[in-house]
Amino acid sequence: MSNEKEQVFQSIFEQMAQYGHEQVIFNYDKTTGLKAIIAIHDTTLGPALGGCRMWPYENEQAALTDALRLSRGMTYKCAVAGVTHGGGKTVIIGDPKTDKSDELFQALGTFVETLKGRYYTGTDVGTVGMDFVSATKQSKYLVGLPEEYGGSGNSAIITAFGALQAIKATAKEAFGRDYLAGLTIAVQGLGKVGSDLVGRLHAEGVKLIVTDVNEDSVRRVKSEYPDIEVVAPEEIFGVECDIFSPNALGACINDETIPQFKCRAICGAANNVLAQPRHGDVLHEKGILYAPDYVGNAGGLIQVADELQGYNKERAFKNASLIYDIMLQIFEIAKKDNIPTYKAADLMIDRRIETIGRLSRKFRGK
Ligand code: NAI
């Protein structure tokens, strides 16, 4: 093996060791051209669960980094949601607009099947329920299928419902009340989750300021709720509001946006909103209450995990309503230990994983 190859090999293990990943599997299928990485972070709580992202990554390292980062996030999300799963994630290197085929997802299914239930996957950015209908021809370890194929269907609705519970808890902590009427909330992103959340907030009597880079989405929401205020995408960070709610893409809390914020709290459904963990510290120092993203957006995960028990919508929504209590517990830990909320969430979850891990090792007789 050349030095260069050795370097790459070592660096992958170093990357796995950094956050304690258990397993990384590189999958290549020569007939379909599938290039997929499955990362399994931690299976202490149960088999890994996490969606499959398809993206035209610039290079293999970028794909690996994404798989490692996202699978670790899933461990935390599973633990916080109280589901008996660990964190995993798949990334497919490819353009979802041009590179998809039934065979490609069947090929993915063959690899998922070889893990024999150690890992379940389903939709994420760049993939849709029908892709996994293809994968089910080769594997039974798939979730997030369309309703007509026995799945739980669109997870954006329950995600928005969960985000609303998180916003209520955030309001309770920041303003001493969990009814939202009269508060001003700025919503970034009016996609599947954001548009549903806007409807729920509107029904609660919230004054809404919204934005999206997609003008059609803005038009659709504005025609349904004519009294909401629309601003340009770059203006949303600086509007006067009580709560800023990110529901677009990640990394929107960064060195550029933090100085603009005039809100008292931040809570939404978008994933990975802190550009870097240190931005959570900056929010803490500035007295802006940050509701950890993977708690607020756990609704979708709760739905797909429920699907594995035979989907029961009422049960899934009941579990998603617990996001309110979980968020309040995190705020409590943050106050007690005087630490930023993102650290309090991680602390609570690390303790939970350790406790459950210990329980599952208990000797129960023969
Ligand atoms: P989506 O793709 O339907 O919506 C995203 C929206 O954000 C689009 O309308 C897009 O035009 C807009 N957007 C992108 N960049 C923007 C910017 N700079 N400024 C304003 N708007 C911008 O995605 P979806 O499903 O609504 O997800 C939204 C967020 O919630 C994502 O971060 C996703 O990872 C997260 N999430 C979604 C779940 C689900 O079940 N759909 C579950 C958990 C988290």
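The values are calculated or read from the model by the stated rules, or taken from the named source; none is laboratory data. Owing to the predicted nature of the structure, the values given are computational and were not obtained by experimental measurement. For neighbour counting, all protein chains shown are included, and Cβ atoms are generated from backbone atoms with ideal geometry for every residue, glycine included. Note: accessible area is taken over every heavy atom of the protein model, side chains too, but ligands, DNA and RNA are not part of it. Shrake-Rupley method; radii C 1.70, N 1.55, O 1.52, S 1.80 Å.
With closer than 20 Å to residue 77 by Cβ, in contact (Cβ under 8 Å) with a residue 40 or more places away in the chain and either hydroxyl-bearing (Ser, Thr, Tyr) or surrounded by 23 or more Cβ atoms within 10 Å (Cβ to Cβ) (or both) as the only criterion, which of 156, 160 stands out?
One residue alone meets the criteria, 160.
May I ask you to list the residues in the stretch 208-229 that are open to solvent by 60 Å² or more (accessible area, probe 1.4 Å) and among the β-branched types (Val, Ile, Thr)? Spell out the reasoning first.
Going through the stretch 208-229, the residues open to solvent by 60 Å² or more (accessible area, probe 1.4 Å) turn out to be 213-216, 219-220, 222-224, 226-227, 229.
If the condition is that a residue be open to solvent by 60 Å² or more (accessible area, probe 1.4 Å) and among the β-branched types (Val, Ile, Thr), then 213 is the only one that fits.
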Name the residues in the stretch 82-104 that are surrounded by 24 or more Cβ atoms within 10 Å (Cβ to Cβ) and among the hydrophobic types (A, V, I, L, M, F, W, C), would you? 91, 92
Only one of (1) under 14 Å from residue 27 (Cα atoms); (2) assigned to a strand (DSSP E or B) fails for residue 63. Which number is that? (2)
Would a scan of the stretch 190-199 turn up a residue that is open to solvent by 20 Å² or more (accessible area, probe 1.4 Å), hydroxyl-bearing (Ser, Thr, Tyr) and farther than 24 Å from residue 326 by Cα? yes
Can you find even one residue in the stretch 240-255 that is more than 30 Å from residue 66 (Cα to Cα) and touching a strand residue (DSSP E or B) at 6+ places or on another chain (Cβ under 6 Å)? yes
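Answer yes if at least one residue in the stretch 135-147 is closer than 24 Å to residue 231 by Cα, among the β-branched types (Val, Ile, Thr) and away from the ligand (no atom under 15 Å from the Cβ), and no otherwise. Give the steps one after another, and end with the answer.
Quick first cut of the stretch 135-147, residues closer than 24 Å to residue 231 by Cα only: none.
No, that holds for no residue.
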Of these, 39, 107, 79, which one is among the hydrophobic types (A, V, I, L, M, F, W, C), touching a residue at least 40 places away in the same chain (Cβ under 8 Å), surrounded by 18 or more Cβ atoms within 10 Å (Cβ to Cβ) and outside the structural domain of residue 134 (by TED's automatic domain parsing)? 79
